[in-house]
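See structure below.
The values are calculated or read from the model by the stated rules, or taken from the named source; none is laboratory data. Not measured: the values here are computed from a predicted model. Here Cβ is always computed from backbone atoms with ideal geometry, including for glycine, and neighbour counts include all displayed protein chains. The protein model used for the area step is the full one, side chains on, heavy atoms only, and it has no ligands, DNA or RNA in it. Shrake-Rupley method; radii C 1.70, N 1.55, O 1.52, S 1.80 Å.
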Amino acid sequence: MSVDLSEQIDFIGQIPPFDQLPKTALVSLVSLFSINYLRQHDSLQTAFTSARQCGVFVVVRKGIVQQKVKGAIRSKYGEGDVIVINNVDFSNQQKSWLVDQDSLVYSVPLNEMKMVLADYPDILSHWLKDPNQRIHDSVAAQQLNELSASPLNSMTVEEFAHTPAATIAHLESIQSAAIKMTELGYSSLVITKQDVHVGIITDKDIRSRAVAAGLELTTSVNKIMTTDMLTIEAEQIAFDGLLTMIEQGIHHLPVTKSGKLYGMLTLTDLMHKEGQNAAHLTSAIRKATSVSELARIGQMLPQLQVNLTKLGIAAAPIAKSISALSRGITTRLIQLAEQKLGSPSVPFAWLCAGSLARSEQLAFSDQDNAIVYSDDATEADKRWFAELADYVCDGLNECGFIYCPGNIMASNPNWCQSAKQWQQYFEKWVSSPSPQALLNSSVFFDLDVVYGDKTLLLNIKHRVLKMTQQSTLFIAHLSRNAIGNKPPLGFFRDFVLISSGENKSTMDLKHNAIAPIVDLARIYALALGIEENSTLERLQAAKGSHILSKQAGRSLIAAYEFLIQLRLELNALQIQQQKKPSNFLSPKDISRLQRSHLKDAFRVIKELQDSRQVVY
């Protein structure tokens, strides 16, 4: 083997996924490459015109090649970068590859490359796919592995439910219900009226609503039943049932099949499968009687996050789990506060903002919250709300959800206001989009109710969405503000890293990679009147609209899923190493293939940001 060929093999073999090829296949491939010396301003389409019928695969060894689309520079390629020019590109007048500095490149016609890699279809398809498709397929393959690895993500509710569901007529006595539960060994019964399920009763209801309240045991069960009974369909995945119970703070979930009562799902059923996890913690949260108990539970969230990651569960469900537990801790803090402070005379709602409102929170997040109360609140009520805010915000800080550095908390009087004042806030932000208004928009347009009267926020959101759909000025300012936060990718498809300080040679995954997608999703939602809060739900709803094509939406979803998974894995490693989780990633700490996908994800973000820039 010649020295030149050996050098080429070493160089090509470092480029993923060629690094996965057996040595014999790699040697066969590299032996087909031609060595080409190109001058500045040379066109690659012209230089490789002999391959115009089949396309050409090019690797830059030295020098710089730039890609232009409609006359504008789209990318620059340097040492180790790959350029695939298919047969269609040779006749595309709007796309060109030009040598920017004298270059040495390796090339092979695509038809010859296909023959050599016929036994390695995954490696071949990696290069033949559009970069957007590559990252989408990478995430899809990753999720497939995760689904097969996680029991609750690969099993349906039907596989866990006890059937048939035990029922009792609504006029039967509490004593009859207790006897039936004891005989069956069940801890709940579904209440029926003329064969229609109208509520649910649990052993806890009998203790707290009947015995503790001094009711006669002959009282009918409809007096103590829960009427707004949640249900879940039998074909849904079991993980959905777990999340519902965590978020709602319940232990029993009636199961329906084709709309008819089928069985009962309990936390205990899922706990046996998942082991020590969210199911255990949600029970502990509900039983906590002090802030210190909740703080001890809060300290367990990082390890839970690691455990769920090890189970192979995808990033989005993990974030939902942590978010659900965070909501549960917040709810319990409010309940403890009400035990201490009493109750207000008017309706109110405790609101969460930011990642928690989008159900995207991870451990070690700071808190973002607010309060909205009825316009009929008295001065005494307002003082009560201020005390509640201090109690809960202090409690959340003790539980590991540190105070918001920007003071976006209910303990800030600005964010503890009446429904009328909140409406005025939003109207001002939309009609006069100042820099501060745009900053507030990035936080408060993701609000959600954790506890209390949901209609207080829903009424405001409905009116605001009508305004944002009609305000092109507001959307334009929001777009310009959002596209200023570019992903850390340079012209040469290399990463732009932090140049100094304790995070030198790293990139901020959260603020410079994930946040730009979150911002774009918010803009789409406000422009289209989409009510969903989560980034993925917003992108799904916007996909195929006049402002986001199906293909672009699909690519952005794949980029987002890849980035949050990368962030989750980074945090898991940091927690296992007993380091405080951060969002700063060094490219050296991930594989070459991951770096390639990361560049693809950044390119997707940049293209979508550029399209917003063209529109506005």
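In table form, for the structure just shown:
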{"read-out": "So ILE408, is it under 28 Å from ALA476 (Cα atoms) and in a loop (DSSP other than H, G, I, E, B)", "value": "yes"}
{"read-out": "Helices (runs of 4 or more DSSP H) fully within the range 87-151 counting 2 or more residues that are open to solvent by 40 Å² or more (accessible area, probe 1.4 Å) and modelled with pLDDT of 85 or more", "value": "110-116, 121-128"}
{"read-out": "Number of positions in the range 438-455 that are in a helix (DSSP H, G or I), open to solvent by less than 50 Å² (accessible area, probe 1.4 Å) and under 14 Å from ILE408 (Cβ atoms)", "value": "5"}
{"read-out": "Given (1) farther than 22 Å from LEU456 by Cα; (2) in contact with a helix residue (DSSP H, G or I) (Cβ under 6 Å, 6 or more places away or on another chain); (3) assigned to a loop (DSSP other than H, G, I, E, B), number of the condition PRO344 does not satisfy", "value": "(1)"}
{"read-out": "All positions within the range 441-482 that are basic (Lys, Arg) and farther than 25 Å from SER374 by Cβ", "value": "ARG480"}
{"read-out": "Any hit, the range 580-600, residues being within 30 Å of LEU98 (Cβ to Cβ) and within 17 Å of the chain's Cα centre (by Cα)", "value": "yes"}
{"read-out": "Failed item in (1) on the phi > 0 side of the Ramachandran plot; (2) outside any loop (DSSP other than H, G, I, E, B), with GLY395 passing the rest", "value": "(1)"}
{"read-out": "Close pairs (6 angstrom Cβ cut-off, 6 or more residues apart or separate chains): under 21 Å from LEU124 (Cα atoms) in the range 77-93, assigned to a helix (DSSP H, G or I) anywhere", "value": "VAL84/TRP127; PHE90/GLN45"}
{"read-out": "Number of positions in the range 58-85 that are of a type in the set (S, T, N, Q) and at pLDDT below 90", "value": "1"}
{"read-out": "Selection within the range 283-304 - within 14 Å of GLN335 (Cβ to Cβ) and of a type in the set (Ser, Thr, Tyr)", "value": "THR289, SER290"}
{"read-out": "Matching option when the condition is touching a residue at least 40 places away in the same chain (Cβ under 8 Å) and small (Gly, Ala, Ser), among GLY199, GLY241", "value": "GLY241"}
{"read-out": "Counted residues, the range 94-138 - those being within 19 Å of LYS76 (Cα to Cα) and touching a residue at least 12 places away in the same chain (Cβ under 8 Å)", "value": "17"}
{"read-out": "Any chance ALA238 is among the aliphatic types (A, V, I, L, M) and surrounded by 20 or more Cβ atoms within 10 Å (Cβ to Cβ)", "value": "yes"}
{"read-out": "Qualifying residue in the range 564-572 (condition: in the same structural domain as SER505 (by TED's automatic domain parsing) and farther than 29 Å from SER441 by Cβ)", "value": "yes"}
{"read-out": "Selection count where residues are more than 16 Å from LEU336 (Cβ to Cβ) and surrounded by 17 or more Cβ atoms within 10 Å (Cβ to Cβ), scope the range 392-410", "value": "4"}
{"read-out": "Hey, ILE206 outside the structural domain of SER359 (by TED's automatic domain parsing), among the β-branched types (Val, Ile, Thr), more than 24 Å from TYR451 (Cβ to Cβ) and modelled with pLDDT of 90 or more or not", "value": "yes"}
{"read-out": "Residue in the range 311-331 that is at pLDDT 85 or above, in a helix (DSSP H, G or I) and over 29 Å from LEU563 (Cβ atoms) present", "value": "yes"}
{"read-out": "Out of LEU465, LEU473, LEU458, sole residue that is within 23 Å of the chain's Cα centre (by Cα), among the hydrophobic types (A, V, I, L, M, F, W, C) and open to solvent by 50 Å² or more (accessible area, probe 1.4 Å)", "value": "LEU458"}
{"read-out": "Residues of the range 338-352 classified as open to solvent by less than 10 Å² (accessible area, probe 1.4 Å), of a type in the set (A, V, I, L, M) and closer than 18 Å to ASP394 by Cβ, total", "value": "1"}
{"read-out": "Scope the range 341-356; condition over 21 Å from LYS420 (Cβ atoms) and among the polar types (S, T, N, Q); matching residues", "value": "SER343, SER355"}
{"read-out": "Inter-residue pairs, beta-carbon under 6 Å, first open to solvent by less than 10 Å² (accessible area, probe 1.4 Å) and in the range 302-331, second at pLDDT below 80 and not in a helix (DSSP H, G or I), 6+ apart", "value": "ILE313/SER150"}
{"read-out": "Residue check, GLN248 assigned by TED's automatic domain parsing to the domain that holds ALA363, under 22 Å from CYS399 (Cβ atoms), at pLDDT below 90 and surrounded by fewer than 17 Cβ atoms within 10 Å (Cβ to Cβ)", "value": "no"}
{"read-out": "Residue satisfying condition, being open to solvent by 60 Å² or more (accessible area, probe 1.4 Å), over 27 Å from GLN361 (Cβ atoms) and out of contact with any Leu (no Cβ under 9 Å at 6 or more places or on another chain), within set LYS260, LYS287", "value": "LYS260"}
{"read-out": "Tally, over the range 411-434, of residues that are of a type in the set (Gly, Ala, Ser) and in a helix (DSSP H, G or I)", "value": "2"}
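Rundown of residues vs (1) open to solvent by 20 Å² or more (accessible area, probe 1.4 Å); (2) more than 18 Å from GLY452 (Cα to Cα); (3) out of contact with any strand residue (DSSP E or B) (no Cβ under 8 Å at 6 or more places or on another chain); (4) outside the structural domain of ILE564 (by TED's automatic domain parsing), yes/no style:
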| position | (1), (2), (3), (4) |
| --- | --- |
| LEU336 | no, no, yes, yes |
| GLN361 | no, yes, yes, yes |
| ASP381 | no, no, no, yes |
| ALA386 | yes, no, no, yes |
| ASP390 | yes, no, yes, yes |
| SER432 | yes, yes, yes, yes |
| PRO435 | yes, yes, yes, yes |
